[in-house]
1. Order 28-37, 69-78 from most to least packed using the mean count of other Cβ atoms within 10 Å.
2. Hey, any idea what the orientation-averaged projected area of the convex hull of segment 1-68's Cα atoms comes to, in nm²?
3. To the nearest 10 square angstrom, how much accessible area does LYS19 have with a 1.4 angstrom probe?
4. May I ask you to work out the translational diffusion coefficient for the chain at 20 °C, viscosity 1.002 mPa s, via Stokes-Einstein with Rh from the Kirkwood sum over Cα pairs, reported in whole µm²/s?
5. Below 8 Å between Cα atoms, with a sequence gap of 6+, how large is the relative contact order for segment 1-101 in percent?
6. Of SER112, SER12, GLY46, which is farthest on the positive side of the dipole of the chain, counting Cα position, with +1 on Lys and Arg Cβ, -1 on Asp and Glu Cβ, and the Cα centre as origin?
Amino acid sequence: MDLIGTGIDKSSKRSILRKYSAVIEVIGWVLIGCASFYVLFIVRDGAWRMYDPFAQVSGILLYASIFHRPFRFFGRLINFLIIRPILFVILLVVRIIRVIIRLIVKLLRVISVPFVYLYNKVYSSLFQTTEK
């Protein structure tokens, strides 16, 4: 849910995400609830106990009151130390490959200019009629 909230906060004021933020958050809560129910179903072999919803709600409240700030801090730290450098390297490699491809295309264009000129000369002279 922090990821959804952060994404909505980082979007522009006129973004579609901002317009439908409540719907997106409700969908996020429903998906998280279904996923946690699925995990409980798998772990307990299908046995669902009456205190499971109370445990989930108390877990959400505990996270909101105590663990929210440390998790957000570690999330920002991981983003700054791991994700951003990896994205930087990937974008750098893509840009280098793009520059190399552009240089190759320009080189091929320069090399092909005389051949294109000769082709156009020969092509135009082949189909001329000699009628007078």
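The values are calculated or read from the model by the stated rules, or taken from the named source; none is laboratory data. Nothing here was measured: the structure is a model prediction, and the numbers come from that model. Quick reminder, even Gly has a Cβ in these numbers, built from the backbone with ideal geometry, and neighbours come from all protein chains shown. Accessible surface is based on the protein model in full, side chains and every heavy atom, while ligands, DNA and RNA are left aside. Shrake-Rupley method; radii C 1.70, N 1.55, O 1.52, S 1.80 Å.
1. Most protected by this proxy first, the peptides run 28-37, 69-78.
2. 5.4
3. 150
4. For the chosen part, D equals 99 µm²/s.
5. Relative contact order, segment 1-101: 16 percent.
6. SER112
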